[in-house]
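Input: one structure, supplied below.
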Amino acid sequence: MADFAIAPAPVPTVPVEGEAAAFPVRRILCVGQNYAAHRREMGGDDRKPPFFFTKPADAVVPPGRDPAYPSRTANLHHEIELVVAVGRPGRDVAPEQALDLVFGYAVGVDLTRRDLQAAAKEAGRPWDAAKGFDDSAPVSAIRRWSGAPPQGRIALSVNGQTRQDGQLSDMIWNVAEIVAEASRLWALAPGDLIFTGTPEGVGPLVRGDRVEGEVEGVGKLSFTVA
Ligand code: MN
């Protein structure tokens, strides 16, 4: 094994609930417009299926650290999401086998530079600067899980006021379908995180805002915008 010419970047990690060993993050995939009411509030087309975009692995913010307010935006938005942690490799898996790849679930917030996203949409340009910036993926500890995916409420409050309050059952693609679809586009591998989309009620954050997110049965995530 050759030496590195420069020090390699550290592996981003997320804790596993109740365990000393952490989950190493390999890649972050995200589903866009996976809840009909959110697709409408974004001006999306009701006839078009959800789609994927990505964030770099080092965008992850583990619990206990506060994300920095990003540069070059005047409209940072919160999107509360159920996050799938992949624990087994798979490609071209059928929805019926997709849940076998799941290591566990976490609560995540897909932070978004909404103004840059709107400009990118307008110009037909990529979303990387709108979605894949530093500290754009706060994630809770991962809860190990097997069998049927979480059900119930997904909600987010800012400074104690509820902003998003949805149901996981309102997802257009369910967890099995998301994992299957992703595995047709990428060879999934242990360490991949998949953000599964957000319900309606997204809105702006400013420095100092206290954000608290919860997914029923999965856990809670809280941070202050630094
Ligand atoms: Mn999102």
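Roughly how many Å² is the accessible area per residue of the stretch 89-199, as a whole number, for a 1.4 Å probe?
43
Give me the percent of the accessible area of the stretch 13-224 that comes from carbon and sulfur atoms, probe 1.4 Å, all protein chains in place.
Heavy-atom surface of the stretch 13-224 belonging to carbon and sulfur, 1.4 Å probe: 47 percent.
What nm distance separates the two modelled labels at A21 and S146, each placed 7 Å from Cα along Cα→Cβ?
Those two pseudo-labels are separated by 1.6 nm.
Moving on to the next point. Order the following by accessible area, largest value first: T196, T224. Probe radius 1.4 Å; ligands, DNA and RNA are ignored. Before the final figure, lay out the partial values.
Values: T196 0, T224 40 Å².
Correct descending sequence by accessible area is T224, T196.
Mind computing the radius of gyration and Dmax over the alpha-carbon atoms of the stretch 118-192? Å is fine for both.
16.0, 42
Counting only pairs 8 or more places apart or on different chains, how many lysine pairs in the chain have C-alpha atoms closer than 20 Å?
For the chain, the number of qualifying lysine pairs is 4.
Moving to a separate point now. Dividing the convex hull volume of the Cα atoms of the chain by its residue count, what figure in Å³ per residue is obtained? Each step should come with its number before you reach the end.
Numbers: hull volume 32.2 nm³, N = 226.
Once divided by residue count, the hull of the chain is 142 Å³.
Something else now. How large is the accessible surface of I6 in square angstrom, using a 1.4 angstrom probe and rounding to the nearest 10?
Counting only protein heavy atoms, the figure is 130 Å².
The values are calculated or read from the model by the stated rules, or taken from the named source; none is laboratory data. Keep in mind the model is a prediction, meaning the values are calculated, not measured. Heads up, the Cβs are rebuilt from the backbone with ideal geometry, glycines too, and the neighbour counts pull from every protein chain shown. Ligands, DNA and RNA are stripped out before the accessible areas are found, and what is left, the full protein with its side chains, is counted by its heavy atoms. Shrake-Rupley method; radii C 1.70, N 1.55, O 1.52, S 1.80 Å.
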